[in-house]
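For reference, the structure is listed below as structure tokens.
The values are calculated or read from the model by the stated rules, or taken from the named source; none is laboratory data. Note that the structure is a prediction, hence the values are computed from the model and not measured. Here the Cβ positions follow ideal geometry from the backbone for every residue, glycine too, while neighbour counts run over all protein chains shown.
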Amino acid sequence: MYRFWIAAVAAATAIVSAQVASAADMPVKAPVAPQLQPPSWAGFYIGVTGGYGWKRDKFTNFEDLGGAPIAPLVIDGVNSRGGVYGGYVGYNWQYGRVVPGIEIDFTATDISGTSSNGSSTFVDDGENQGTITVTKSLSERVKYLGSARARLGSTPLDNLMVYGTAGLAWERVDVTETIALTIQSTGGGGTQAQWSQTAADKFGWVAGLGAEVMLGSPNWIARVEYLHYGMGWLQDQTSSQVAGNQNIDIIRGGLAYKFNGQPDKTIGDTKGPLPSSSTWAGFYIGAHGGYGWGKNPFSIPLFPTDAAASADSMRGWIAGAQIGYNWQYDRIVTGLEFDLSAANVKGGSTIATVTPDPGVTVSQSFENRVKYLGTLRGRLGWLPLDNVLLYGTAGLAWERHELIQNETSSEGIDSAVFRGVSPSDHFGWAAGAGVEVMLGSPNWIGRLEYLHYDFGRWMPQASFVLSGSGTSLSLTETAGRQTIDAVRAGLSYKFGPQMAATTGGPLYTKAPPMLEPALQNWAGFYIGAHGGYGWKENNFVIAFDVVPMQGIDSNGFVAGGQVGYNWQYNRVVAGIELDGSATGIKGTSAPGVSQFATEIWSDNVKYLGTVRGRLGWTPISNVLLYGTGGLAWERVHRTEIQTDVGSGETTVSEGPRDHFGWAAGAGVEVMLGRSNWIGRLEYLHYDFGQVEFSSTVTSTAPGESSADNGGRQTINVVRAGLSYKFTP
């Protein structure tokens, strides 16, 4: 038998040799060179940044010293500059050479500047001669900047991307005012010094452009970018002040680590299973509840003495919802999440009591109360076990805070109790850590997490010192850093597995399997525009003693843009969307009348913005029905016109106000043919809660009791839109 195999092999060798010899003179097709896949820009990234910024606040302030024989001092704006440094997280998707993405960043800054003016006047009143000298300075310091932005880029080279970016922006700015008055005369002299510092959280828009370069590998990416922030008015406009827009420009460099592209192991993926046998990748929605404790140290003196009410700690429950998306890279899990919580974290102050006159006693105390909390955060985790995730998290944070003032006064047999509620919104940062566990299946996930919120020093600080001619008075108002610590448990439902055609990697490799014929593909990054109509109700009541002012109803157009990303799970479509709108929603109150003056208030909503989750269903292939909910912001200008009853003199003031709350709604989208264009019609309800000061006065004296109702402010919008969706 072995002779047979030897003969067979010899014959085969002879045939092959003959074929090779006969083909020696024939043209030979060159072997196909292996095609190298260009590096992918898709994936989750985290980085650090640093640079330089400059700011212009173009107001004009006239300081009138109230009857002093000296000309008003003029401060013509403040120019500031300084360093910036911070961090950013985001995610890129890639479609050929087009790279869209979503990014959030937090930046601490040293951008600061001061403007000052002074004047001296010689005074001779016939009895005394002397000099009055006054100086005033205004300083601004931008402490923090943050943004939530979309990015849209192109790769002229495989390792180079140029991009544009735009979105919503926030700044925390400290405004410090100092006035010093000195009198030197033959009849005696004296000094008066006033110092105050207030913190303002302002919102606006940001846009810019940049370039990124891969540093050898697709994981390390360097960038240089320019950003322009439009933050609107910081100062009010009055008869003694002309408001101007504040603008900030920043040039900065950055270095990021990007996790490998196309991480989601979906049906049809040819890269093989994850070493971890369970997948954490996917869109999720859930609820949480827990307990929070915090500090807001402050001390407020009760004039005319330095007796002060001081506060520190607060505590209470927290409950709300979270929405996010995870990407998985082997045993590393990254993600973006935003949440909204109702809260009742509160605390009280000590009581300050003074006796300004014989028989008169006044007592004052305060309460802190946090009503809502919200965050927009990145997450980075690791899987020690397939069904257990340990993670850290950090990002932007918001709170709705109420400062409640209680004051009791008594004089003889009469007494009065005053209670005032001042709502305000504050921004800062949040960071923490947690653990998540899959509860039997990869869809239900339980969590336990700790979060630390830091809102900085936002309460006013001030000092007043008067000395000379036998008089001495010194008052100081202090504020500390407000923080909240929270421990909360949660439960989320994670959708998955994702449909094969929804992967977001670069289109350089073999196309994924087609969807079933009955379904069109809703997954992908989209950008679009919208327009519509909105109406607003602000149903406060101000108790003027003749005719009360009963709220402001407003209406007008809305127009803007939206960006977002959809993930598809069979007929379920989930997504995250960011939008911004300019509006013409305006309205004016009926006059409020007292025995001294008539007042009219007007509201002009300049901008609206949201960060929302979306969850929808496709009853037919090209139609999507969805609900949506998330965080909301408005910029509104309030104008107050007051006319004196006796003299007829009218004063006008206008000031910007930023309010935060939540938005929820529903809509329908339709694919226009089998193209990438998608039309939509949607309704959104914005709820900003109580934004007006409210108070009650209960007095035993006849006719002295009153009540101002802060009401609730809501906006309803119906709008149509058109989006272009990039298709994997």
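Test TYR85 against the stated conditions and say whether it is at pLDDT 55 or above, of a type outside the set (Asp, Glu), within 25 Å of the chain's Cα centre (by Cα) and under 28 Å from GLY113 (Cα atoms). Spelling it out, TYR85 is indeed at pLDDT 55 or above, of a type outside the set (Asp, Glu), within 25 Å of the chain's Cα centre (by Cα) and under 28 Å from GLY113 (Cα atoms). Test THR393 against the stated conditions and say whether it is without any contact (Cβ under 8 Å) to a residue 60 or more places away in the chain, outside the structural domain of THR610 (by TED's automatic domain parsing) and surrounded by fewer than 17 Cβ atoms within 10 Å (Cβ to Cβ). Judged against the criteria, THR393 is not a match. For region 595-626, taking the residues that are among the aromatic types (Phe, Trp, Tyr) and either at pLDDT below 95 or surrounded by 16 or more Cβ atoms within 10 Å (Cβ to Cβ) (or both), the one that is farthest from VAL547 (Cα to Cα) is identified as TYR626. The set of residues from region 239-258 being at pLDDT 95 or above and loosely packed, with under 15 Cβ neighbours inside 10 Å comprises GLY253, LEU255, TYR257. Within region 87-104, the set of residues being outside any strand (DSSP E or B), touching a strand residue (DSSP E or B) at 6+ places or on another chain (Cβ under 6 Å) and farther than 13 Å from LYS258 by Cα comprises just one member, ARG97.
Total residues in region 572-616 satisfying the condition of being touching a Lys or Arg at 6+ places or on another chain (Cβ under 8 Å) and of a type in the set (Val, Ile, Thr): the figure is 5.
Considering region 689-728, and only residues there that are part of a loop (DSSP other than H, G, I, E, B) and β-branched (Val, Ile, Thr), the residue that is modelled with the highest pLDDT turns out to be VAL691. The single condition among (1) at pLDDT 95 or above; (2) on the phi > 0 side of the Ramachandran plot that THR107 does not meet is (2). Of the strands (runs of 3 or more DSSP E) contained entirely in region 324-435, those carrying at least 1 residues that are under 26 Å from ASN92 (Cβ atoms) fall at 332-348, 360-385, 388-411. Of the residues ALA311, ALA307, the single one that is more than 30 Å from LEU578 (Cβ to Cβ) and buried (at least 22 other Cβ atoms within 10 Å of the Cβ) is ALA311.
Can you pull out the residues in region 627-641 that are among the polar types (S, T, N, Q) and either surrounded by 19 or more Cβ atoms within 10 Å (Cβ to Cβ) or out of contact with any strand residue (DSSP E or B) (no Cβ under 8 Å at 6 or more places or on another chain) (or both)?
Of the residues in region 627-641, the ones among the polar types (S, T, N, Q) are 628, 639.
Hit for region 627-641 is THR628, nothing else.
Scanning region 541-594 for residues that are among the small types (Gly, Ala, Ser) and part of a loop (DSSP other than H, G, I, E, B), we see that the one that is surrounded by the fewest Cβ atoms within 10 Å (Cβ to Cβ) is ALA590.
If you go through region 669-696 and pick out every residue that is surrounded by 14 or more Cβ atoms within 10 Å (Cβ to Cβ) and over 30 Å from VAL541 (Cβ atoms), you end up with 10.
In this structure, LEU168 does not satisfy being surrounded by fewer than 19 Cβ atoms within 10 Å (Cβ to Cβ) and in contact with a strand residue (DSSP E or B) (Cβ under 8 Å, 6 or more places away or on another chain).
Residues of region 202-258 that are among the charged types (D, E, K, R) and touching a Ser or Thr at 6+ places or on another chain (Cβ under 7 Å): ASP236, ARG252. Screening the candidates LEU625, LEU615 for the property of being of a type outside the set (Lys, Arg) and either within 27 Å of ALA166 (Cα to Cα) or in contact with a Cys (Cβ under 9 Å, 6 or more places away or on another chain) (or both) yields one hit, LEU615. Annotation for region 668-685: no member residue is closer than 30 Å to ALA416 by Cα, aliphatic (A, V, I, L, M) and in contact (Cβ under 8 Å) with a residue 60 or more places away in the chain. Of the listed requirements (1) outside any strand (DSSP E or B); (2) of a type outside the set (Phe, Trp, Tyr); (3) within 19 Å of the chain's Cα centre (by Cα), GLY609 misses just one: (1).
In the set (1) under 27 Å from the mean Cα position of the chain (by Cα); (2) surrounded by 16 or more Cβ atoms within 10 Å (Cβ to Cβ), LEU448 fails one condition alone, (2).
So, in region 358-382, how many residues would count as being at negative phi, touching a residue at least 12 places away in the same chain (Cβ under 8 Å) and surrounded by fewer than 16 Cβ atoms within 10 Å (Cβ to Cβ)?
First, the residues of region 358-382 that are at negative phi: 358, 360-382.
Among the residues that remain, those that are also touching a residue at least 12 places away in the same chain (Cβ under 8 Å) are: 360-382.
Then drop every residue that is not surrounded by fewer than 16 Cβ atoms within 10 Å (Cβ to Cβ), which leaves 360-361, 382.
The total comes to 3.
Within region 403-434, if we keep just the residues that are farther than 23 Å from THR700 by Cβ, in contact (Cβ under 8 Å) with a residue 60 or more places away in the chain and buried (at least 17 other Cβ atoms within 10 Å of the Cβ), the residue that is farthest from the chain's Cα centre (by Cα) turns out to be PRO423. Pairing residues of region 455-477 that are in a loop (DSSP other than H, G, I, E, B) with residues that are loosely packed, with under 15 Cβ neighbours inside 10 Å, at Cβ distances under 6 Å and at least 6 apart in sequence or on separate chains, gives ARG457/ARG481; SER469/GLY188.
Right, LYS136: part of a strand (DSSP E or B), touching a residue at least 60 places away in the same chain (Cβ under 8 Å) and surrounded by fewer than 21 Cβ atoms within 10 Å (Cβ to Cβ) or not? So LYS136 fails the test.
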